[in-house]
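Nothing in this text is a laboratory measurement; each read-out follows from the coordinates by a stated rule. Just so we're clear, the structure is a prediction, and the values are computed from it rather than from any experiment. As a convention, Cβ positions derive from the backbone with ideal geometry for all residues, glycine included, and neighbour counts pool all protein chains shown.
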């Protein structure tokens, strides 16, 4: 009797520990365990900090990988050089259009490509490092744009019948004060360059790079300017069906090419911990069964989000479609809000495929600056992307005439 009581008491005392271990085990089973399928070379993770310059960081990262692929050399190219030139050109367009152009921190991969093509580039060491002009250690555009935006607005919306070009000298002073001056010449590894001769020395052909998108309000296999505010240059993207857009990404990775990606990261499935999963929070439940599915379908959106986070890799994921992409673009649910750099492929323990995506928020999240974004997430949330045309499958290139 006494022995039985002792055993019973021991069992009761063990129950909380057993329950805690069980919950811990369940939690761990819902966390992704990634197996790398392919990982292409990239340069170090950068931090755009308090600046809307993901477009510059992600696209220069992409070109740094292009250089690595071609020559094996590692470069750190200057984002603030791109910004200094690009903001002046954006201001010029804004003034020409009397303010009917969005003058803001954001931009696109096309801005970087055209700056490289027309003005060249410099290494990071040839410019003032981001933030140092105001005594910071990283880029901080809070004061910078608070000064520059009203300046450009005052010129663009002036009531004068004519204006002089002197405003450009004033704006250049603001740009140089916050970003550092663009050097006319500089020395790198013992050799003197101009920005254009340095760009030429990198060994890339700027005409090799094209932008890809996928929408139905323009014909497939033609090019058009994607109608978003940050595409203020009206750069054209080639329009292909969604499945071919994804084929291009996969073919690129298979053949050693990375992608400069622009898209929407405002979904609940894009987390600060380093994941991008296209959670099915609207209909949901397809991948759950029985009573679990019925329970999922009855939950409120906020409850589904909470449960999706708890389920992790076992949460139901929506299936993207061409029709839904178009609907989301037209109703503003698919926006152009972030630029990142796709550089590989991985699978989780359930066999779900994810792209390895380099971010520019420093070594943050579970994966130190890399995000794992599912193929479904990328298919649904891509606005457009820049890629080497040689990475595009031959049959698609033929249809596009490139």
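Quick one: length gained pulling residue 222 to residue 364 fully straight, 0.36 nm per residue minus the C-alpha distance? Before the final figure, lay out each step's value.
Working: separation 142, 0.36 × 142 = 51.12 nm, distance 3.89 nm.
Residue separation times 0.36 nm, minus the Cα-Cα distance, leaves 47.2 nm.
Given a Förster radius of 30 Å and the C-beta distance between residue 398 and residue 200 as r, what FRET efficiency does 1/(1 + (r/R0)^6) yield to the nearest 0.05?
Working: r = 30 Å, r/R0 = 1.02.
So, using R0 = 30 Å, E works out to roughly 0.50.
Calculate how many DSSP beta bridges within region 156-268 are antiparallel, expressed in % of all such bridges and rounded to the nearest 5.
On the way: 6 of 8 bridges.
So the antiparallel bridges amount to about 75 percent of the total.
Work out the FRET efficiency for residue 347 and residue 321 from their Cβ-Cβ distance, taking R0 = 22 Å, and round it to the nearest 0.05. Mind dumping the intermediate values first?
Working: r = 23 Å, r/R0 = 1.05.
For residue 347 and residue 321, the calculated efficiency is 0.45.
Mind sorting 83, 101 by how few other Cβ atoms lie within 10 Å of their own Cβ, fewest first?
Placing the least packed residue first, the sequence is 101, 83.
What's the long-distance tail for region 138-242, i.e. % of Cα pairs beyond 24 Å? It would help to have the intermediate numbers written out before the result.
Details: 3170 of 5460 pairs.
Cα-Cα pairs of region 138-242 separated by over 24 Å account for 58 percent.
Which angle from 0 to 90°, rounded to the nearest 10, does the C-alpha axis of helix 301-311 make with the longest principal axis of the chain?
That works out to roughly 70 degrees.
Sticking with the crude label model, points 7 Å out along Cα→Cβ, report the distance from residue 191 to residue 29 in nm, one decimal please.
Here the modelled spin labels are 5.9 nm apart.
Add -39500 (n - 2.57) for each DSSP H run of 4 or more in the chain, then divide by its residues: what number comes out at 222 nm, to the nearest 500 deg cm²/dmol? Provide the component values of the computation, followed by the final result.
On the way: 13 runs with 167 residues, N = 402.
Computed ellipticity for the chain at 222 nm equals -13000 deg cm²/dmol.
Output the 0 to 90 degree angle, nearest 10, between the alpha-carbon long axis of helix 142-156 and the longest principal axis computed from the alpha carbons of the chain.
50
Using only Cα atoms, tell me the angle between helix 242-254 and the longest principal axis of the chain; keep it within 0 to 90° and round to the nearest 10.
The angle comes out at about 90 degrees.
Considering only DSSP beta bridges where both residues belong to the chain, give the percentage that are antiparallel (nearest 5). Present the calculation step by step, with values, prior to reporting the outcome.
Working: 38 of 43 bridges.
Antiparallel bridges make up about 90 percent of those DSSP assigns within the chain.
To the nearest Å, what is the center-to-center distance of region 367-389 and region 94-123, using C-alpha atoms only?
Going from one Cα centre to the other spans 23 Å.
How large is the direction-averaged shadow of the alpha-carbon convex hull of region 46-116, in nm²?
Orientation-averaged projected area of the Cα hull: 4.9 nm².
Can you give me the Cα centroid spacing of region 240-267 and region 188-209 in angstrom?
27
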